[in-house]
Structure formats: C-alpha cells, structure tokens
1. Based on what the data block shows, is Glu135 within 23 Å of the chain's Cα centre (by Cα) and open to solvent by 60 Å² or more (accessible area, probe 1.4 Å)?
2. Across region 109-128, which residue is farthest from Ala85 (Cα to Cα) among those that are among the β-branched types (Val, Ile, Thr) and assigned to a strand (DSSP E or B)?
3. Looking at region 151-175, which of the residues that are touching a helix residue (DSSP H, G or I) at 6+ places or on another chain (Cβ under 8 Å) and open to solvent by 60 Å² or more (accessible area, probe 1.4 Å) is farthest from the ligand (Cβ to nearest atom)?
4. Inspect all residues belonging to region 54-64 and state whether any of them is free of Cβ contacts under 8 Å to residues at least 12 places away in the same chain and open to solvent by 20 Å² or more (accessible area, probe 1.4 Å).
5. If you go through region 324-360, how many residues are part of a strand (DSSP E or B) and closer than 30 Å to Gly259 by Cα?
6. Tell me the residue from Ala46, Ala69, Ala65 that is more than 30 Å from Leu147 (Cβ to Cβ) and at pLDDT 95 or above, please.
7. Any residue at all in region 129-149 that is in a loop (DSSP other than H, G, I, E, B), within 28 Å of Tyr340 (Cα to Cα), touching a helix residue (DSSP H, G or I) at 6+ places or on another chain (Cβ under 6 Å) and within 14 Å of the ligand (Cβ to nearest atom)?
8. Taking only region 72-92 into account, find how many residues are more than 25 Å from the chain's Cα centre (by Cα) and part of a loop (DSSP other than H, G, I, E, B).
Amino acid sequence: MKFPCARIDPEALRHNLAAVRRLAPHSRVLAIIKANAYGHGLVPVANALVEADALGVARLEEGQALRAAGITREVVLLEGVFSRAQLAMAAEGRFQLVVHSLEQVRMLELYRGDVRFEIWLKIDTGMNRLGLRAEEFADAYHRLRPLAVISRLRLMTHLACAEDPAGTVTAQQLARFASLTSGIEAELSIANSAGLILSPQSHTDWVRPGLMLYGISPTAQPADELGLRAVMTLTTQIIAVRDVNAGEAVGYGGAWRAGRASRIGIAAVGYGDGYPRHMRSGTPVLINGREASVVGRVSMDMTAIDLTDHPAARLGDEVTLWGEGLPAERVAPYAGMIPYELVCGVSQRVALQWLGGFVGNEQFF
Ligand SMILES: *Cc1c(COP(=O)(O)O)cnc(C)c1O
C-alpha cells in the first residue's frame with residue numbers, strides 16, 4: 001500500500017447521508033461536493049451518494065468534470081456563471097444555476113438558446129458575500145419570473161453563523177428570508193450542515209449539507225453523538241526510529257527539545273501532503289490505534305512523533321493523522337485551522353484509497 005494514504009469509506013458516506021435524512025426528514029438533499037468533494041474525490045463521492053436528490057459544486061469546471069465522467073444527475077453550480085459564454089457551456093452541461101447578482105439576471109434575459117434552466121435565486125440575508133440584497137430581490141424576481149428560459153425558480157440564502165447556537169444572527173437571517181419570500185410559491189433552501197444540526201427552522205424544502213456528509217461535525221457536538229462516521233482517514237507509516245537524549249532538539253529550527261530521554265518516530269507525512277506545517281508539538285496522532293503526539297516542526301515530507309510511551313511501536317507501523325478514531329475537528333485547532341481546511345488540503349501526492357477497491361487520485365479541483 002502507498003503511504004501516506006487517505007482511506008475513503010463509501011459506506012460512511014451513505015451512513016452520513018442517512019443521518020441527514022433522519023435530521024431533516026421532510027427536506028430534499030442537495031449534497032455539496034465542491035472542492036474535490038472536500039478532498040475526498042469528486043467523481044467517486046458523486047457515485048457513492050446516489051441517494052442524494054442533487055449534487056452541488058461551486059464552479060462550472062467542477063460540473064463539467066462530473067459530466068465528463070458520465071454523471072447525468074442534477075448538478076447545481078453554487079456560484080452560477082460569470083459570462084454569456086459560460087452560460088452557453090452551462091446549458092450544454094444541463095446544469096442548474098444559482099443566480100446571485102443582477103449581472104446574472106441580465107445574462108438569462110439575453111440568453112437565446114433553447115435549453116431551459118432551473119434557477120436558485122440567492123438572497124443575501126446578512127452574510128454579505130453572495131446574493132441579491134433585500135432591495136434588489138423584488139426586481140430580480142420579477143424579471144426572472146416571466147422568462148421562458150427558466151423552467152423552475154427556487155429561492156435560497158446562506159447562513160453566516162449557523163454553528164453558533166447562542167447567537168442571534170441566524171434568527172435574524174431566517175426572519176428576513178421568511179419575510180422576503182412570503183407569498184411566493186417556490187421551493188426554499190437555507191441550511192448548510194450546521195443549520196441542519198442546530199436550526200430545524202432552516203430545513204425548508206432543500207438542505208445543503210457538505211461537511212457532515214464527510215462525517216465531520218461543524219458544531220461543538222462530537223460527530224459520533226450526531227450519528228456521523230468519518231469518511232476520510234489519513235494514514236502513513238513510521239519510516240525511521242531513533243533515540244535522543246534529554247536536552248537534544250528535533251527537527252527544523254530545533255523547535256522542540258526533549259525534556260527526557262526520548263524515542264522519536266519519523267512519520268512519512270508533511271505539509272507537501274497537506275499535513276499542515278502549523279501543527280503544534282502536542283498535536284495528537286494515533287499509532288497502532290493509541291494516541292501519541294507530534295514533536296517539533298512538520299517538514300515537507302516528514303513529521304516527528306514522540307514514541308517514548310509507545311515501546312511496542314516499530315518501523316513500518318501505521319500512523320493515523322485524522323479520521324476514524326481521531327476526528328479531524330479535534331486535530332484542526334492544533335494548527336489554528338478548521339476541519340474543512342484539513343480535508344480540502346490533502347494534496348495530489350496522497351493516494352485516495354476507496355475501501356471496496358477503487359483507488360485513484362485523478363480528480364482534483
Ligand atoms: C459549501 C456550501 C454549503 C455546505 O456547507 P457545509 O458547512 O459544508 O455544510 C452549503 N451551501 C452553500 C451555498 C455552500 O457554498
């Protein structure tokens with residue numbers, strides 16, 4: 001087996017989709033697979049999530065990669081298109097489009113092809129990133145409504161602080177969305193993973209889970225309590241072991257010094273693989289299923305592990321950086337990061353190994 005290696009468990013993906021359905025039993029699921037399915041592999045994840053009602057990607061190129069792989073399912077481009085040429089390509093790909101600006105409304109008004117689009121009109125209810133502002137929304141809606149080129153018009157918004165259970169922002173956004181959309185006959189969509197978990201009111205017609213599909217909790221509540229299973233487990237092996245004396249330093253910059261006679265294992269993983277350089281000394285890893293910690297600076301290809309309390313650990317033993325038994329959401333703060341960054345950041349050098357046989361790392365965005 002190649003090391004490092006990101007094992008991907010398609011059963012866990014399906015299990016997490018079922019957990020989404022239990023939480024939001026009356027909603028359809030737009031499964032978010034942008035950014036190479038959060039580092040898990042765009043095409044194989046799309047194939048594993050056959051039960052999702054539609055697939056969501058950020059960009060046209062990601063949608064085109066799905067089509068090139070023969071996937072004919074409903075695909076939503078979450079950022080829509082940015083030129084009339086892209087709109088023509090979106091028509092060719094039969095993509096559903098988010099429309100978040102008056103420029104995009106104009107492109108649809110000018111479209112002269114014969115493909116009809118399903119549109120998700122996005123309202124900015126307070127995030128101030130994408131979406132029509134409240135004062136633009138009525139104009140956009142009334143211009144899109146009569147267009148023959150639109151076969152269906154849905155309304156959506158995105159939550160800025162969904163993972164904060166105590167805050168008031170989500171309640172404000174929900175109220176704004178409810179007031180702007182009241183009286184309009186259309187399917188609605190609000191919730192990302194955190195909304196799905198913490199705000200049942202945000203479920204509406206369509207939920208848009210990303211992170212939780214991959215078995216990672218976006219909230220303070222641990223993934224296993226939410227009934228989620230880690231999909232990616234990043235592992236490598238120990239390629240060298242050495243003893244150092246008390247007072248000796250390990251790694252670049254001598255950033256860590258042994259406080260006692262220590263046994264150090266060198267794991268074949270580093271920032272060139274997407275294991276962040278900012279992982280602090282003390283970051284947990286698993287060695288043969290037991291916790292040990294990183295010492296010194298992570299280098300491009302290697303990371304030192306303190307094996308002093310793991311006398312049985314040997315050359316060739318497996319090290320888990322995150323995943324099964326060691327949630328990415330627990331590891332990420334050691335680098336000042338969020339778990340989204342860890343899984344998205346796994347580099348092309350790491351083989352994605354699908355349990356059940358499929359091996360590949362050819363799909364990257
Ligand atoms: C990425 C994204 C999501 C998924 O968010 P998670 O926090 O990963 O669940 C949902 N909706 C939109 C518009 C997104 O861009």
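1. Against the criterion (within 23 Å of the chain's Cα centre (by Cα) and open to solvent by 60 Å² or more (accessible area, probe 1.4 Å)), Glu135 does not qualify.
2. Here the answer is Ile123.
3. Pro165
4. For region 54-64, residues free of Cβ contacts under 8 Å to residues at least 12 places away in the same chain and open to solvent by 20 Å² or more (accessible area, probe 1.4 Å): absent.
5. Of the residues in region 324-360, the ones part of a strand (DSSP E or B) are 326, 351-354, 359.
Among the residues that remain, those that are also closer than 30 Å to Gly259 by Cα are: 326.
Total meeting the criteria: 1.
6. After applying the criteria, what remains is Ala69.
7. There is no residue in region 129-149 that is in a loop (DSSP other than H, G, I, E, B), within 28 Å of Tyr340 (Cα to Cα), touching a helix residue (DSSP H, G or I) at 6+ places or on another chain (Cβ under 6 Å) and within 14 Å of the ligand (Cβ to nearest atom).
8. Number of matching residues: 1.
The values are calculated or read from the model by the stated rules, or taken from the named source; none is laboratory data. Just so it is clear, the model here is predicted, and its values are computed rather than measured. A quick note on method: Cβ atoms are made from the backbone with ideal geometry, for glycine too, and the neighbour counts reach across all protein chains shown. The area values use the complete protein model at the heavy-atom level, side chains included, leaving out ligands, DNA and RNA. Shrake-Rupley method; radii C 1.70, N 1.55, O 1.52, S 1.80 Å.
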